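First the structure, in the form of structure tokens, and then the observations on it.
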Amino acid sequence: MHEASEAAWPPRQAAILAAAVKVFFQFGYRKTSMEDVAAAAEVSRQTLYLQFRNKERLFRAALEYLTEQMLASIRRVADSQHGSVEETLMGIFEVLSGDSLAVSSRINIAELQAVARSQEGTIVSRFETDVLSVIADILTRASTAAQWERHGIGAQELAKHLIDTSTGVKSATEDASDYRRRMALAIRIIVAGANGAET
């Protein structure tokens, strides 16, 4: 497994994978061809096939590359000492939505998620577990989780609720600003609700 940085991938592979991620988001899994990726990466088909034998292997590597990049960005946001807990959480969910809402349709996103879960479930599960842990840690450090725990709701449950909310909002809108507005509200409910949960 590669470390969560572009330096862990050979430069040519990293460039191809970055292009592949964009193409998969643009066209979805089924409609993406190796030729589309080669053109986007500005390499020959032969070069692409030397790096990745087929679309399935390319998709696996692109998914691994994307999740590593996202997790590294999420950890940077979480480790930053700037801003409130709400701003930190919003930064994480902006990383999670990435450019996908700007460059992909809900249908393509749903298809990519289904393919990722069915073909590469281990990568998806590992990523989801890591993100859940980061969010739960933020809620714990901010004492938000402690307030909810008095009512039998733990940090992991709060983190899972926010992740599930993000998934639902992404499936309901293709507008990035609407996604941010809805997630800001969900985060505010968790954080402000913790203060109300004290009573």
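The values are calculated or read from the model by the stated rules, or taken from the named source; none is laboratory data. Predicted model, so just to flag it, every value in this text is computed and none were measured. Cβ: placed from backbone, ideal geometry, glycine included. Neighbour counts: every protein chain shown.
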The range 103-160, residues that are within 24 Å of LYS55 (Cα to Cα) and of a type in the set (Gly, Ala, Ser): SER104, SER105, ALA110, ALA114, ALA116, SER118, GLY121, SER125
Residue match in the range 172-186 (condition: β-branched (Val, Ile, Thr) and in a helix (DSSP H, G or I)): no
Some residue of the range 119-140 being more than 30 Å from LEU58 (Cα to Cα), free of Cβ contacts under 8 Å to residues at least 24 places away in the same chain and not hydrophobic (A, V, I, L, M, F, W, C): yes
Members of the range 9-34 found to be among the polar types (S, T, N, Q) and either surrounded by 15 or more Cβ atoms within 10 Å (Cβ to Cβ) or touching a residue at least 60 places away in the same chain (Cβ under 8 Å) (or both), listed by number: GLN13, GLN26, THR32
Residue, farthest from THR129 (Cα to Cα), within the range 147-163, restricted to residues that are at pLDDT below 95 and assigned to a helix (DSSP H, G or I): GLN147
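Matching residues to (1) among the polar types (S, T, N, Q); (2) at pLDDT 95 or above; (3) touching a helix residue (DSSP H, G or I) at 6+ places or on another chain (Cβ under 9 Å); (4) in a helix (DSSP H, G or I):
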site: VAL23; (1), (2), (3), (4): no, yes, yes, yes
site: ALA38; (1), (2), (3), (4): no, yes, yes, yes
site: GLN81; (1), (2), (3), (4): yes, no, no, no
site: THR88; (1), (2), (3), (4): yes, yes, yes, yes
site: LEU96; (1), (2), (3), (4): no, no, yes, yes
site: ILE123; (1), (2), (3), (4): no, yes, yes, yes
Single unsatisfied condition, THR129 versus (1) among the β-branched types (Val, Ile, Thr); (2) at pLDDT 95 or above; (3) touching a helix residue (DSSP H, G or I) at 6+ places or on another chain (Cβ under 7 Å): (3)
Lone qualifier among ARG53, ARG75 - being of a type in the set (Lys, Arg) and within 13 Å of the chain's Cα centre (by Cα): ARG75
Flag for GLU111 being in contact (Cβ under 8 Å) with a residue 12 or more places away in the chain and crowded, with 17+ Cβ neighbours inside 10 Å: yes
Residue ID - farthest from the chain's Cα centre (by Cα), chosen from residues in the range 122-148 that are crowded, with 17+ Cβ neighbours inside 10 Å and more than 28 Å from TYR65 (Cα to Cα): GLN147
The range 151-171 - residue that is more than 20 Å from ASP137 (Cα to Cα) and touching a residue at least 40 places away in the same chain (Cβ under 8 Å) and, of those, surrounded by the fewest Cβ atoms within 10 Å (Cβ to Cβ): SER171
